[in-house]
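Scroll down for the structure; my scribbles are underneath it.
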Amino acid sequence: MGLFGHRQVRAEDDNLIAGRGRYVDDLRFPGMLHVAIVRSQVARAKIKVDVAAALALPGVHAVFTADDLPLSARILPDCHPNPALRHPRGPAVLAAGEVRYVGEPIVAIVADSRYLAEDAADLVLVEYDEMPAVIDLEKAILPGSPLVHPDVPSNLGARIPVVTGNTDAAFAQAFYVARERLEIQRGAGQAMETRGVVAYWNEYESRMVVWNVSQVPFVHRTAIANALGLPENSVQVLNPDVGGGFGYKGLTYTEDLLVPVIARKLGCPIKWIEDRREHLIASYHERTQIHHLEMAVTQDGVILGIRGRFLYDAGAYTPWGPVVPLLTAVNIPGPYKVPNYKVDADIVYTNTVPTAPVRGAGRPQACYVCERLLDKVGHELKIDPAELRRRNLIQPDEFPYELGFISRDGTKRTYDSGDFPALLGRGLAMIKYDARREEQTKLRQEGKFIGIGLALCVEDTGLGPFEEVGMSIELDGSVTVRMGTPSQGQGQRTAFAQIVADELAVPFEAVKVLTGNTDLVRYSIGTFASRAGVVTGSAVSIAAKQLKQRAFAIGGTMLQAQAGDLELEEGCVRVKGQPSRSVSLKDIVHTSLGESGAPLPMQEFGPGMSTVANFCPPTNTFATGCHCAVVEVDPKTCQVKILQYVAVEDFGNVINPLIVDGQVIGGLGLGIGNTFFEKVVYDEGGQILTGTFMDYLMATTMDVPRVEIDYIVTPSPLNPLGMKGAGQGGTIPVPAVLSAAVEDALQPFGVRLNHVPFSESDLFAWLGEARTRAEQAQ
C-alpha cells in the first residue's frame with residue numbers, strides 16, 4: 001500500500017508537542033542587541049522627533065530615524081505592481097515627517113535588552129501636528145474628504161472592473177432583482193506567534209544572515225539585498241519553526257528591512273520581537289469591504305446576471321497591491337453560472353493599518369455576498385435554498401468552464417475540474433436536509449428556533465509561476481529533499497516525504513525534507529495562496545521520478561539489464577520477476593561515486609544521485625467545497641448554538657487526509673471567528689479600540705463544534721499529482737453558511753443579516769427592529 005493518500009501521522013509534531021520547537025525568539029547570540037520601536041499614537045499628523053534623551057540612556061547603543069536609513073531602505077518595495085493601481089504607496093520603513101495610521105513606526109531604539117529599549121522608547125519625544133484623518137470607508141471617497149496622501153488626487157487608489165456579457169440586457173429581462181448592501185468588517189490575523197526578526201552580519205563570509213517568520217523568504221532575500229546594496233547571494237534568510245502564518249506573514253514588513261539595516265550598520269546581532277499589542281495595531285489587517293450588489297433572476301430563480309460595486313479598505317498603504325479586492329471580484333460568481341457580470345472593485349485609502357491577505361484573501365467576502373443574494377432570491381421567490389442552488393450550479397460535463405474574464409494570474413479564468421452537484425448532494429445528505437426541515441417546522445411550534453444554512457465555494461489554488469526542488473539519495477540510501485517553500489504548520493515535511501517514499505520505494509523515515517533556508521535552492525516563490533502542495537509537491541514528484549530513472553540507468557548497467565525490465569521495490573532496483581537480481585539504492589550511490597570498484601562509464605552518468613527539478617503550473621487549479629450548518633438561536637438571549645456542521649471538500653487527490661482534515665478544522669475556527677467575534681474597531685479619530693484580547697475576540701475551543709468532513713475527488717488535469725490546494729477552503733464559506741443558518745432560524749421574526757461579524761447584541765437589536773416593523777405594519 002502506497003503512502004500517497006494515507007493518514008500518516010505528522011513527522012513535525014513530536015518536537016513541537018514536547019517543547020523542542022525552536023522559534024525566532026529562541027535564538028541567542030553573543031553580543032546581541034535588542035530593538036524596540038516607537039510607533040505613532042495618532043492617525044495622521046506632521047511629526048518632529050527628538051531622540052536625545054533616549055540616546056543618552058545607559059545601555060542604549062543607537063537610535064534610528066528615517067534620516068539614518070540608506071535611501072534604498074526607506075520605502076518598502078511594491079510586491080504586486082498593477083497598472084490599475086494608479087497611485088500605489090508603499091509603507092515607509094520609518095515615517096519621515098508624517099504619519100498616516102496609529103501604529104506606524106517612527107523610531108527604532110537599539111539597546112542591551114528589550115527592557116532598556118522600551119524604557120528608552122518612552123523617552124523619545126514626538127511632536128504631533130495633527131491633521132484631519134479619514135477612517136470611515138464610505139466617507140473617504142466623498143468630495144472634500146481629507147486625503148491620506150496629499151500627492152494623490154483622491155483616496156480612490158484604483159477602480160478595477162471585472163466584466164463579462166451584457167448586464168444591462170440581462171437586468172432588463174429579469175423577473176426579480178435582489179439588491180443588497182453587504183458589509184464585511186475588518187479583522188486581524190493573530191497567529192499564535194507574533195512577528196520577529198534576528199539578523200547579523202557574517203564578517204567572515206561578507207554576508208547578511210537573517211532569521212524571520214516569513215512565508216516568502218526568497219522575496220525577503222531580494223528586498224534585503226536591494227536595501228543593503230548587496231547581491232542576492234550575499235543574503236541568507238532562514239525560517240526556524242513558525243507559529244502560524246495565515247497569509248499576512250507572506251509580505252515584506254518594515255521591520256524585515258529595518259533589522260538587517262541596523263545589524264549591518266552596528267556589526268552585531270540584532271533581535272526584534274513583536275509584542276501582542278504591536279501585532280494587533282501594526283501587523284496587516286484584512287476583510288473590510290462594503291458591497292452594493294444586485295442579482296437578476298428569472299421566475300424560476302435562474303441567475304441572469306450580477307452587477308454592482310464594492311469598496312475595499314486598503315488602509316494607509318498598498319503593500320500587496322490590489323490582490324485582495326481583485327480576488328473578491330473574480331470569485332463572486334463562485335460555482336454558479338453567471339452569464340452576465342459587471343462588478344467594480346474600488347480600492348480606497350484610509351488612515352488605518354494597511355490591509356493584505358489573511359486566510360481566504362478576499363474569497364470569504366465573495367462567497368458571503370453571492371450566497372446572501374441567493375438567500376434573498378430564495379426568500380422572495382419562495383424557492384428552497386438547496387433547490388435554488390441546484391438550478392444554478394455549473395454541471396460536471398461543462399468542465400473546463402470559462403467564466404469570461406481574466407483571473408488573478410493573468411490567464412483566462414477557467415475552472416479545471418469539479419462536481420458541484422455531488423458536493424451539494426453529499427452535504428445535504430450528511431445533515432439529513434429534508435428531515436431537518438421537518439424538525440424545524442415541528443420545533444417552531446414548540447417555541448424553539450433552528451436554522452439551516454448552506455453555501456458552496458470555489459478557491460483558485462496552486463498559484464505559479466514555479467517552485468524548485470533539489471533531491472539526492474545519500475550514501476546510506478536515505479533521501480534528502482531541499483525546497484524553498486517554508487512551513488508554518490502545514491505538515492510539508494510529512495506530506496512531501498510521503499510522495500518521495502512512494503516514488504523511490506524507501507521507508508517514510510528515510511526521507512528528510514529540508515526547508516526554511518534560501519541556500520537550499522536557487523529560487524522559490526513561497527508558501528501562500530494554497531500553492532505549496534500543488535506546485536512544490538509536483539516538483540517533488542518530478543524530482544523523485546528523475547532520480548528513479550537515474551537509478552534504473554545506473555542499476556541497469558550494474559545488473560546488465562535494460563531500464564524497461566527494472567522495478568524499484570524496498571529501496572532496491574531489481575529485475576522484474578527475478579528479485580534475486582537486485583542492487584540497493586545505497587550501492588548505486590557508492591558505485592556512482594567510484595567507490596565500489598564496479599566498472600561504470602562515469603562520463604555517461606556523472607557522479608552521485610542528485611537532481612534539481614521545477615514545476616511551472618499553466619494556470620490555477622480550483623478547489624471547491626460545500627458547507628452546511630444547523631444552528632439553534634434563543635430569541636430571548638440571542639445565543640447561537642451550532643448543532644451540526646458539515647464540510648464536503650474537493651481538493652483533488654489528497655496526499656494526507658489527516659493533515660487536510662486539520663486544515664479544514666482550523667479554517668472553520670477562523671471562519672467562526674470572522675462570523676461572530678473578530679472585529680477591529682476604530683474610533684472617529686483613528687484610535688484602535690480593540691488593541692488587546694480583552695476587546696478583540698476570537699473563537700475558542702468552546703465555540704468551534706466537531707465538524708463532519710467528507711471528500712469527493714475530481715483530480716486536476718493541470719499537475720502530475722492531480723492535486724488542488726487545501727489551505728483556505730475551510731474558511732471561505734463559513735460566514736455565508738452561518739449567516740444563512742442564523743437568519744433561517746429567525747425567519748419567523750423577519751430578521752435579515754447583511755454584515756459580519758455579528759454578535760448576540762446585534763441580533764437582539766435586529767430582533768427589536770423587526771418587532772417594531774411588524775407592529776407598525778399592523
Check: Which one of Ala553, Phe693, Val163 has its Cα pushed farthest toward the positive end of the charge dipole of the chain, where Lys and Arg give +1 and Asp and Glu give -1 at the Cβ?
Finding: Val163
Next item on the list: Determine the percent antiparallel among the DSSP beta bridges restricted to the stretch 467-615, to the nearest 5.
Entry: 85
Item checked: Principal semi-axes in Å for the stretch 467-615 [√(5λ), Cα gyration tensor, largest first] -> 29, 15, 12
Checklist line | Simple spin-label estimate for Arg522 and Arg207 in nanometres, 7 Å along Cα-Cβ | finding: 1.8
Notebook entry, point to check: According to the square roots a ≥ b ≥ c of the eigenvalues of the Cα gyration tensor, what is the shape class of the stretch 613-686, taking rounded for a/c under 1.5, prolate for a/b larger than b/c otherwise, and oblate for the remainder?
Noted result: oblate
Next item on the list: Enter the Cα centre distance for the pair the stretch 514-575 and the stretch 712-751, rounded to the nearest angstrom.
Entry: 35
Item checked: Dipole of the stretch 467-615 [Lys/Arg +1, Asp/Glu -1 at C-beta], most positive-end residue of Ile588, Ala505, Gly470 -> Gly470
Next item on the list: Would you list the membrane-span-like helices of the chain, meaning whole DSSP H runs whose alpha-carbon atoms span at least 20 Å along their axis and whose mean Kyte-Doolittle value is at least 0.0?
Entry: 537-559, 657-676
Notebook entry, point to check: Which of [x] 34.1; [y] 28.0; [z] 31.8 is the computed Kirkwood radius over Cα pairs in Å for the structure on display?
Noted result: [y]
Note to self: Below 21 Å, Cα to Cα, which lysines can Lys442 reach? Residues fewer than 8 away in the same chain don't count.
What the structure shows: Lys382, Lys432, Lys636, Lys641
Check: Which entries in the list Lys249/Lys724; Lys139/Lys249; Lys249/Lys512; Lys448/Lys679; Lys249/Lys337; Lys48/Lys249 go over 24 Å, if you measure between the two C-alpha atoms of each?
Finding: Lys139/Lys249; Lys249/Lys512; Lys448/Lys679; Lys249/Lys337; Lys48/Lys249
Check: With a sphere of radius 11 Å drawn around the Cβ of Ala505, what net charge do the other residues whose Cβ falls strictly inside it have (Lys, Arg +1; Asp, Glu -1)?
Finding: -3
Check: What does the charge add up to near Val648, with Lys and Arg as +1, Asp and Glu as -1, over the other residues with Cβ less than 10 Å from its Cβ?
Finding: -3
Check: With every protein chain present, what is the per residue accessible area of the stretch 467-615 (1.4 Å probe, Å²)?
Finding: 39
Next item on the list: Could you please report the charge total around Phe676, scoring K, R as +1 and D, E as -1 over all other residues with beta-carbon less than 12 angstrom from its beta-carbon?
Entry: -2
Check: Tell me, what HN-Hα J-couplings in whole Hz come from the Karplus equation 6.51 cos²θ - 1.76 cosθ + 1.60 at θ = phi - 60° for each residue of the stretch 457-473, using x for Gly and Pro?
Finding: 9, 10, 9, 6, 10, x, 4, x, x, 6, 9, 10, 9, x, 8, 8, 9
Notebook entry, point to check: Of Val377, Gly451, Gly247, which is farthest on the positive side of the dipole of the chain, counting Cα position, with +1 on Lys and Arg Cβ, -1 on Asp and Glu Cβ, and the Cα centre as origin?
Noted result: Val377
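The values are calculated or read from the model by the stated rules, or taken from the named source; none is laboratory data. Remember, predicted model here, so these are calculated numbers, not experimental data. We place every Cβ from the backbone using ideal geometry, glycine too, and count neighbours over all the protein chains shown. Note: areas computed on protein heavy atoms with side chains; ligands, DNA, RNA excluded. Shrake-Rupley method; radii C 1.70, N 1.55, O 1.52, S 1.80 Å.
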